[in-house]
Amino acid sequence: MIVDPTARFSTLCIHAGQAPDEATGAIITPLYQTSTYVQEGLGRHKGHEYARTSNPTRAAIEANVAALEAGTAGFGWASGMAAINAVLSLLKPGDHVVVTDNTYGGTYRLFERVLRQTGLDFTYVDTSDVEATRAAFTDRTRMLFLETPTNPVLRLADIAALSAAAHAHGDVIVVVDNTFASPAVQQPLVLGADIVLHSTTKYLNGHSDSVGGMVVVTHAAHAEWLKFYQNAAGAILSAFDSWLILRGTKTLAVRMAAHNVNGQAIAEYLASHPKVPLVHYPGLPAHPQHALAQRQMRGYTGMVSFDAGTPARAQAVLEKVRLFALAESLGGVESLISHPATMTHASVPADRRAALGVTDSLVRLSVGIEDVDDLKADLEQALAAL
């Protein structure tokens, strides 16, 4: 079975990187749960020598996500953070990185508490402002690291404009963390970025039963280094997680369509609720970058955040919901609710959180694909108790 690389997105979700098993004809890519491969003789093997270096199941999901992101090569990692760390290995001591200021707390922790010690320098800027981002570039800037939409206030970066600005500045690699959107909603490489990465734990897998990461590239030099680094550092995506994510991406198009519909409905419900003073969602006309979202995205995902007014009111909502589960993570078929200030962004200093809008009264929703009226009813009973 050969899939035309120009096939439409939902077709690529189901078929890219996968073919019926040659040994049995199985239509689902087998789980190659093996640590090594028998060789026919010295220097003679079937393309695989050791499972850290290569695994057919991992190769299938790497090819699948590379196709979904319109890239040339994909590399699977043990987590989203391992994927980010791998991308930063492209840099050298003394290099400077411009980063979206409202980036995920774990990314901030990695950059500030680990990678600064290796000699890298980071400047955090509001990347929704193209001019402010351009002004942050120095003669040492080698990477622009974007997160869009941001976690958790859903601010957007103009990927096309910022990629053009970075490339005009010189040898600046544009990296986009596309976890919050998925390639079903936006494709950063098509918009001019050089590298896109994901926590596959989230929308790509979609079933809350796997942890992993993925990096997709367009340039041969980046692919060559990451392939070497993947084998040398060894933080690979396991065969079983690869198999689970392959199952997830088959339904990515239909799942994201449902997340988009439910996310929009919940955002509109909250925006009209008298007890909710502020809602963050790119699909709302009141969002400051709604026009950019319409140009850059295909739907607005199931990620919604809102201010409950006070920390006590936020806690009450978090503890009174019944269908929304209080838990970290996002992007699964089931709805989750979380408190960024004490959960996903606890590693960010309090003053910095406050400046970014990650207040103690902020609540984040990952809206799943349940019946939206049930989700509204759950929120309604929680808000009614305030």
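The values are calculated or read from the model by the stated rules, or taken from the named source; none is laboratory data. As the structure is a computational prediction, the values presented were derived from the model and not from experiment. Glycine gets a Cβ as well: all are built from the backbone with ideal geometry, and neighbour counts include every protein chain shown. Heads up: the accessible areas ignore ligands, DNA and RNA and are worked out on the full protein's heavy atoms, side chains in. Shrake-Rupley method; radii C 1.70, N 1.55, O 1.52, S 1.80 Å.
Some points to look at:
- A327 free of Cβ contacts under 8 Å to residues at least 12 places away in the same chain and open to solvent by less than 60 Å² (accessible area, probe 1.4 Å): yes
- Segments classed as helices (runs of 4 or more DSSP H), wholly inside segment 56-149, with at least 2 members that are under 23 Å from L330 (Cα atoms): 56-68, 80-88, 105-109
- Set side by side, the residues A193, A223, A253 differ, and just one is outside any helix (DSSP H, G or I) and in contact with a Ser or Thr (Cβ under 9 Å, 6 or more places away or on another chain), which is A193.
- When R352 is tested against the conditions (1) surrounded by fewer than 20 Cβ atoms within 10 Å (Cβ to Cβ); (2) touching a residue at least 24 places away in the same chain (Cβ under 8 Å); (3) over 18 Å from A382 (Cβ atoms), the lone failure is (2).
- You will find that of L375, L365, L379, L323, the residue that is within 13 Å of N262 (Cβ to Cβ) and in a strand (DSSP E or B) is L365 and no other.
- Near pairs, Cβ below 7 angstrom, 6+ apart or cross-chain, from segment 137-160 (touching a residue at least 24 places away in the same chain (Cβ under 8 Å) and surrounded by 20 or more Cβ atoms within 10 Å (Cβ to Cβ)) to any residue that is among the small types (G, A, S) and part of a loop (DSSP other than H, G, I, E, B): L146/A157; T148/A157; P149/A181; R155/S128; L156/S128; A157/S128; I159/G192; I159/A193
- Residue check: E112 meets all listed conditions (1) of a type in the set (D, E, K, R); (2) under 23 Å from A354 (Cα atoms); (3) crowded, with 17+ Cβ neighbours inside 10 Å but one, namely (3).
- For segment 94-107, the criterion of a residue being modelled with pLDDT under 95, polar (S, T, N, Q) and more than 29 Å from H167 (Cα to Cα) is satisfied by no position.
- Test for V125: is it open to solvent by 70 Å² or more (accessible area, probe 1.4 Å), out of contact with any Gly (no Cβ under 9 Å at 6 or more places or on another chain), among the aliphatic types (A, V, I, L, M) and under 27 Å from A341 (Cβ atoms): no
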